[in-house]
1. What percent do you get for the relative contact order of chain A when only Cα pairs under 8 Å and 6+ apart count?
2. In nanometres, what is the gap between the two model label sites at A:Asp120 and B:Val58, each 7 Å from Cα along Cα-to-Cβ?
3. Between A:Lys36 and A:Ala5, what is the FRET efficiency for a Förster distance of 30 Å, r being their Cβ-Cβ separation, to the nearest 0.05?
4. Sorted by mean Cβ packing within 10 Å, highest first, what order do the peptides B:132-139, A:93-100, A:129-136, B:117-124 take?
5. Share of Cα-Cα pairs in the protein assembly as shown beyond 28 Å, in percent?
6. In a solvent-free Debye calculation with one equal scatterer on each Cα, what is log10 I(q)/I(0) for chain A at q = 0.10, 0.11, 0.13, 0.21 Å⁻¹, listed in the order of the q values?
7. Looking at the calculated P(r) for region B:58-168, what percent of the C-alpha pair distances fall above 18 Å?
8. For region A:1-67, give the magnitude of the charge dipole about the Cα centre (Cβ charges: +1 Lys/Arg, -1 Asp/Glu; no others), in debye to the nearest 20.
Amino acid sequence: MAPIAVGDVLPDGTLSCFDAEDKLHKVSVHSLAAGKKVIIFGVPGAFTPTCSLKHVPGFIERAGELKSKGVDEIICISVNDPFVMKAWANTYLENKDVKFLADGSATYTHALGLELDLGDKGLGTRSRRFALLVEDLKVKAANIESGGEFTVSSADDILKAL
Amino acid sequence: MATNILRRAASSVITSKTGSLLTGTSRRSYASVAVGIDIVSAAHGVSLQKARSWDEGVSSNFSTTSVKDIFKGKKVVIFGLPGAYTGVCSQQHVPSYSKNIDKFKAKGIDSVICVAVNDPYVMNAWACKLTAKDVIDFYGDFDGSFHKSLELGKDLSAALLGPRSQRWSAYVVDGKVKAFNVEGAPSDFKVSGAEVILEQI
């Protein structure tokens, strides 16, 4: 599948997460994004440095600013199971706005055309690092890193598209 | 002791059989775990990834540890579980081993190993969270190849975990399995805890 690009319709898919009462939920992407302005950013792996120390904190810090510009949802997805995503989300005590959703079998990542083979790092199939701005299911900005860098997919970069 | 092991083996999901190579065809054989098998031959060529931070991964060039290096010439107690950060694994399985570590040392065990189908960075963060990293060696079987070679893989997609492993434990001396226990269901915790295997050493 070709990587998702500006002008594409965001595909639907199912992600999962635990709620505050520790109940497991399956979530449809379209149910979160239809009729709304959403940011979806993807990371290669929970508990890995750039993801944990730079990419996620950037969106948590800028959440207020993003919401003031009309963003309804800020969603972080990773190819990890929902137990790991919950544990990782819990390390961000100050987070109120970023939703951590699990794409455990990389199905949604495949639908976006953003899968990345990180087998040699002991990670298996993961997601590329990216950030999308989506308005009523239409992709308005698609900032996708080519490798392990962190040059185009930050919160600051997507703020420029708003 | 032998009857105990047989009783557990009979109640386990895996039936004891050994695969064999057919003459004239090349076919990978998978041996299921049972007392007496050589784990190094069964998981021939397979490696695990020691739990570590990403920086440690980079500085070690993402090196892996072969099954041979883990088991050859050592007395090892190894237990496998469905997933880091999940209920029974976190609250019962790992603590049962970490709090009994002195008893294992007293019986001459060189290492107590916990393995799961998770990447080594998640295993590392989990091991730190459970404050068990200095007593148990945590390894990731990130692509499930170790568990697949031992026929201990289990599809847990229904629990949104994907391909994982059974819940099991084994006592292995110089690569030879001396005791082996596997739960009837991965959510059970009846035969794979530390108290059971301590009796079998």
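1. Values: 333 pairs, mean separation 50.6, N = 162.
For chain A, the relative contact order is 31 percent.
2. For the pair A:Asp120/B:Val58, the computed spacing is 1.7 nm.
3. Numbers: r = 20 Å, r/R0 = 0.67.
It comes to 0.90.
4. Details: B:132-139: 19.5, A:93-100: 14.8, A:129-136: 22.4, B:117-124: 27.9.
By packing density, highest mean first, the sequence is B:117-124, A:129-136, B:132-139, A:93-100.
5. Numbers: 30554 of 65703 pairs.
The calculated P(r) of the protein assembly as shown puts 47 percent of pairs beyond 28 Å.
6. Summing over Cα pairs of chain A leads to -0.31, -0.37, -0.53, -1.64.
7. Numbers: 3041 of 6105 pairs.
Across region B:58-168, Cα pairs with separations above 18 Å total 50 percent.
8. On the way: 7 positive and 7 negative charges, 29 e Å.
Using Cβ point charges on Lys, Arg, Asp and Glu, region A:1-67 gives about 140 debye.
The values are calculated or read from the model by the stated rules, or taken from the named source; none is laboratory data. Keep in mind the model is a prediction, meaning the values are calculated, not measured. Here the Cβ is made from the backbone with ideal geometry for all residues, glycine too, and neighbour counts use every protein chain on show. The area values use the complete protein model at the heavy-atom level, side chains included, leaving out ligands, DNA and RNA. Shrake-Rupley method; radii C 1.70, N 1.55, O 1.52, S 1.80 Å.
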